[in-house]
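The values are calculated or read from the model by the stated rules, or taken from the named source; none is laboratory data. Everything quoted here is computed from the prediction, not taken from an experiment. Cβ atoms come from the backbone with ideal geometry, glycine included; neighbour counts cover every protein chain shown. Just the protein is used for accessible areas: all its heavy atoms, side chains included, with ligands, DNA and RNA removed. Shrake-Rupley method; radii C 1.70, N 1.55, O 1.52, S 1.80 Å.
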Amino acid sequence: MASSLETGAFLDNDDLMFWGLAAMTAAERNFAEKEDQPSWLSLAQGVFDAQVSRWDETRCGGGMRWQIWPFHAGHTTKNAISNGGLFQLAARLGRYTENETCIRWAEKIWDWSTTTPLLKSDDWTIADTTSMENACQDHGDQRWTYNYGTYIAGAAYMYDLTNGAQKWKTAIDGLLGTTWRTFIAKDAMSEVWCEQTMSCDRNRDMFKGFLSSWLTFTATIAPYTASDIIPKSIGPP
């Protein structure tokens, strides 16, 4: 395990993004640090710097590939969680540090995503994947909770950063609406693509947890959403 982490040979862009978001949460929450270790903020910034260096404009005009290495299947796939995760990380870094580079990247990632099926702003649906072979206009039809959660949270941080800009309120409201229609039934959250067939694996079992935590962030920094989010998060009495 240590060697794979050191080389990154078995880590995808979305895997590394989760490390960055965890470090960002630690920084935001003033989690304890050690003097002889990198700060949580520097770790988050390190992930951001590494990921934007892999922003790929060879096809589709931009976007993060799912896989880092060309010998892995999925290297020519661009997926929602890698791009949405980097968008969220950029937005949170921009809000936390007021760094204009991070803020511009957040805008860039969001705007690029809306040119693909990964983030359709006409009906606020999020496709899991799109392929470079088809100019990022095809789409994987699987719908996962965490894809919606990461774009919602990123939009919420941008909403707070921009003092409630209409662009981000529209995005939050649209994505929340689709989230409720797709994943909430009888006041319970469901990973619809795998729960009904009992085919969720250990990764998919975590997705609703990510959505729930990111909805908590959203309700906190875009408080107008709390009255909508909290009842659905708590569930029926």
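The packing ranking, built from the mean of other Cβ atoms within 10 Å per residue, places the peptides 86-99, 158-171 in the order 86-99, 158-171, highest first. For the chain, the cysteines with no partner cysteine C-beta closer than 4.7 Å are Cys102. With both labels modelled 7 Å from their Cα along Cα-to-Cβ, the Asp15 to Arg59 distance reads 2.3 nm. Roughly how many Å² is the accessible area per residue of region 112-229, as a whole number, for a 1.4 Å probe? Ligands and nucleic acids excluded, the result is 45 Å² per residue. A simple count of charges around Met198, restricted to other residues whose Cβ falls under 12 Å of its Cβ and scoring Lys, Arg +1 and Asp, Glu -1, yields -3. Spacing of the modelled spin labels on Asn203 and Ile230, each 7 Å from Cα toward Cβ, amounts to 3.6 nm. Approximating the spin labels as points 7 Å out from Cα along Cα→Cβ, the Gln196-to-Arg104 distance works out to 4.6 nm. Residue separation of Ser121 and Thr76 scaled by 0.36 nm, minus their Cα-Cα distance, works out to 13.8 nm of gained length. Just check region 1-124 against the gyration tensor rule for me: Cα atoms, a ≥ b ≥ c as the square roots of the eigenvalues, rounded for a/c under 1.5, and otherwise prolate or oblate depending on whether a/b exceeds b/c. Judged from the Cα gyration tensor, region 1-124 comes out oblate (a/c at least 1.5, b/c at or above a/b).
Oblate is the label for region 100-183, because a/c, from the alpha-carbon gyration tensor with a ≥ b ≥ c as root eigenvalues, is 1.5 or above and a/b does not exceed b/c. Taking the accessible area of region 126-237, probe 1.4 Å, and keeping the other protein chains in place, the carbon and sulfur fraction comes to 54%. Cα centroid separation, region 128-158 to region 52-67: 14 Å. So how much slack lies between Thr97 and Asp49, counting 0.36 nm per residue of separation and subtracting their Cα-Cα distance, in nm? Computed gain between Thr97 and Asp49 is 15.8 nm. Extension gain, Asp173-Met132: 0.36 nm per intervening residue step, less the Cα-Cα distance, totals 11.8 nm.
Can you figure out the FRET efficiency of Thr114 with Ser39, using R₀ = 35 Å and their beta-carbon distance, to the nearest 0.05? Here the calculated transfer efficiency is 0.55.
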